[in-house]
1. For a protection proxy built on the mean count of beta-carbon atoms within 10 angstrom, sort 316-327, 109-120 highest first, please.
2. With r as the distance between the Cβ atoms of Asn311 and Asp352 and R0 = 25 Å, compute the FRET efficiency 1/(1 + (r/R0)^6) and round to 0.05.
3. What residues qualify as long-range amide H neighbours of Asp112, i.e. H under 5 Å apart, gap of 5 or more or another chain, H built at 1.01 Å from N?
4. Whenever you get a sec, line up Leu166, Leu446, Leu216 from highest to lowest accessible area (probe 1.4 Å, protein heavy atoms).
5. Order the following by accessible area, largest value first: Ile376, Ile521. Probe radius 1.4 Å; ligands, DNA and RNA are ignored.
6. Could you sort the peptides 153-160, 99-106 by per-residue average Cβ neighbour count (10 Å cutoff), highest mean leading?
7. Taking only the alpha carbons of the stretch 290-343, what extent do you get along each of the three principal axes, in Å, biggest first?
8. Which value, in Å² and to the nearest 10, is the accessible area of Met575 when all protein chains are kept and the probe is 1.4 Å?
Amino acid sequence: MSQPKHTKEKIENNQQLTSTTHKHVFENLIIGIIEINQEGKIVYFNTKVNEWLASNLELLSHSYKQLPGEFLNAQQVCFDPVAWAWKQQKAVSFTWKIPTLSATFQGEAVPDMQNDCLLLQLLPVIKEPVLSSSQTFVLNNSDLFKKVFAKMNDGLIVVDAQHCVLHVNKSFLKILRISDADGLLGKPLGELLVEVGEDIDNNVLTQLHQYKGRALEFVIRDTSGKRHWIDIRQSYVPVKELFGFEKVYLVKDITLQKESEEQIKSFSERLYLACQAAKIGIWDYHVKENQEFWDERMFEIYGIREENVNNLTNVFQQSLHPDDRHLDEIAAQKAFRGIKDYNTEFRIIRPDGRLRYIKALAKVLFDVNQEPYRMIGVNWDITERKLAENKILEKNEELKKINKELDQFVYSVSHDLKAPLTSIIGLIRLCRDDTSSPTILEYLQLMERSATKLNNFIQDIAQFSRNARLEVKRERIDFEQLMNDVFEGQKFNENAQKIHKELQLDLQEPFFSDPGRLEIILNNLVANAFRYANLYHPNPQVKVQVIVSGNEALMRVTDNGVGIGSKHIDKIFDMFYRASHDSKGSGLGLSIVKETVEKLNGSIEVQSQFGEGSTFSVKIPSLV
């Protein structure tokens, strides 16, 4: 909705009037004022700024970033007070140093949201006051003073020649949690401080005068009884000559700072104890000064004496193992760029020639301009751990070599034994066809049974070795062909002709896995079903069901054979476990099945009842 024309004009006139009034006030101030718009350009500066910065300095319409010198925060670190004040929407204190003019100013960047601008309020740091002019402003008649200091974040106390309170600002009232200053005006400042403070004696004013410009810290209580730490100091501004009143005292609530200091102190004490117990060394590197500081433990770790060291940075570089310097430099550069905290391991060579392994962690601190100015870290000696790890690695490599040789031996032996056994079984069957003697046939059957048992055992050993040794292969599985091969492999089983075989396939999607290992699983399960069939059952059978869906294959092998007793069911997957001495198998088959299933990230379950049969269910995920 648009405003009526006369209303809009009235607002613009008021704004223009306000701006003109402010500039008139600013021209009469003893402090410097620089007005900056939201675009960061200087739109006004008063006479004081012009005097201080030299009359030929062009400021108007230029960016404030072109101002000479540098702005420093309380930690004497360069920063941008204008940007911070806009961002936080509150006044930001700073020190402005201009080396070319040999000038230093204390000031505040104060956002003026009503006029969409920001004011830099400046006062020169005067070691010995030299006044170029004087102004006579009496506080009771001076609205100017209240305008200048009303928005100060710090508390303000103005006193007369007798040190009686003339004026306090809202920030000081807020510290005491009172809304009206009437009860404070006219009261001697010393009496006021003793009244609200803890353990403050009557000499407080003498102390403030002696430490002019330096802070004294006290504890006071507000009207609710809450304790506050305050920082109070006498202003360095020559207020008597300039404004007509005796002294100004600045009061700052430093309770949070004190609480933080106590927390830091407590944490530091605990950290020190922890570092001593863990034998951790602490170091502190100041980037711009290229200076490094170590605690006692660091000197112990590096095997040097503090009195023999001039430059710790050089000591560290010289101690680094030559092969580790490049990696350490990469880790440090990533930390200084803010990419990753310093977290590395390296070797050092101590002056006595001993090699030590060191673990190092550090945090880089950045200033407001995101420039690294400090790096704080810890070192601790991990030599014993590293030596132990190296021994374990050596043992592991040795075991891998032994296992590999053992696998090769098992494979070679099984292959060399299986060939003649297969020939023996074939010759036995030929002999059985060429004789009709019952005695000879019985002997041949016993020989074939023993040879077949030995052959199956060798095959189990070979499968076990192959599963442990070979990598998993990924191929599309043809379950119909796979099961035909499995059933074909059982045709020489003595019970094969008496058992009905059934295959059910429900293949909803392609399935990918290791065909060799799937054959091991299905071959062993089907062989067991044949081996332990109940031939007295009117219809002995083995049924294999395969369902593929949801990237998973479910394979069930069900028989109506002799079943497994409940006391054996939890042990059937143990290596070489057999339920009785009459068991026909080697005790390896189901153990091999379980190992192979786990190799394919699958699972196996069994349900069985003695005398009725068993069902083995295997789930294998597809290798996508």
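The values are calculated or read from the model by the stated rules, or taken from the named source; none is laboratory data. As the structure is a computational prediction, the values presented were derived from the model and not from experiment. Note that each Cβ is placed from the backbone with ideal geometry, even for glycine, and that neighbours are counted across all protein chains shown. Ligands, DNA and RNA are stripped out before the accessible areas are found, and what is left, the full protein with its side chains, is counted by its heavy atoms. Shrake-Rupley method; radii C 1.70, N 1.55, O 1.52, S 1.80 Å.
1. The peptides rank, most packed first, as 109-120, 316-327.
2. 0.75
3. Answer set, sorted by chain and number: Cys117, Leu118, Leu119.
4. Leu446, Leu166, Leu216
5. The ordering from most to least exposed comes out as Ile376, Ile521.
6. Top of the packing list down: 153-160, 99-106.
7. 36, 23, 18
8. Result for Met575: roughly 90 Å² accessible.
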